[in-house]
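Since the structure comes first, as structure tokens, the remarks are kept for the end.
Each value in this text was obtained by applying a stated rule to the coordinates, not by laboratory testing. Here the structure is a predicted model, which is why all the values come from computation and not from measurement.
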Amino acid sequence: MITEKELQPHKNKYHLNGFSIEDIGDDHLFTGLETPLKPDAFKMSDTDKKQRIAVLFEEIMDVMGLDLTDDSLKGTPDRVAKMYIDEIFSGLNPANKPKIALFDNKYQYNQMLVEKNITLYSNCEHHFVPIFGKAHVAYISSGKVIGLSKLNRIVQYYAKRPQVQERLTNQIAEELKHILGTEDVAVIIDAKHLCVSSRGIKDESSATVTSYYGGKFGTPEKIAELQNYLKD
Ligand SMILES: [Zn+2]
């Protein structure tokens, strides 16, 4: 039996904004801009992390009663571990952050630049199931421009973390502001959450839209202009 005292640190850890973890239930709380990481998050090598995750995932499968000697299942723990570290959660590690080169705005293009319909795959940090949809990013140059593919890379980097959509939106916006040296950036994400559509409330048609409008994008005219470009 676990004593009340042993439970206490766990309870405190999950006590958010005055709500207990039971109160929050399936509602997704956004606790801050930074992804909550431990200070020693990258002390362990990727190779060691993959070995450890494989062992732990094998245990989850075993507890669920799956036969790990089956040819179809026996490679799964290693596959999941590799996928977590090398692919879908690779954006946790700052070492994987894309290197971004800027160029002078030679064409003196000073209107908004919109990169729309960037394919987005992420994972909900509350259920570890996919979030997928489209991201649209826009900026107005303050003198420097960025390679278009780099906008996609920045979106992908922050998407490859356990995420909440609000944080993902703001992390992309903050990174663009930092790189481009301007407040004039906008980010819109339109995505489906499998934890909403395939389980829990089971709403297959709903999608979640989040947006960030910084600097010059903060006027109704600029928002209308941007929305107009996003029409199909
Ligand atoms: Zn979820």
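Need the list of aspartates and glutamates near Lys202 for cross-linking: C-alpha distance under 13 angstrom, and skip anything on the same chain fewer than eight residues off.
Candidates past the 8-residue exclusion: Asp26.
Between Glu87 and Tyr107, what is 0.36 nm times their sequence separation minus the Cα-Cα distance? Round to one decimal in nm.
On the way: separation 20, 0.36 × 20 = 7.20 nm, distance 3.68 nm.
Length gained, Glu87 through Tyr107: 3.5 nm.
May I ask you to evaluate 6.51 cos²θ - 1.76 cosθ + 1.60, the Karplus curve with θ = phi - 60°, for each residue of segment 136-144 and list the ³J(HN,Hα) values in order in whole Hz, giving x for glycine and proline?
In residue order, the calculated couplings are 10, 10, 8, 8, 10, 5, 9, x, 10 Hz.
Tell me which residues come under 5 Å, amide H to amide H, from Val164 once H is placed; ignore anything under 5 positions away on its chain.
Under 5 Å from the amide H of Val164 lie the amide H atoms of Glu125, each far enough along the sequence or on another chain.
Mind checking which lysines have their Cα closer than 23 Å to the Cα of Lys43? Skip sequence neighbours fewer than 8 apart in that chain.
Hits, sequence-local ones excluded: Lys13, Lys82, Lys97, Lys99, Lys160.
What is the antiparallel percent of DSSP beta bridges lying wholly in segment 102-230, to the nearest 5?
95 percent
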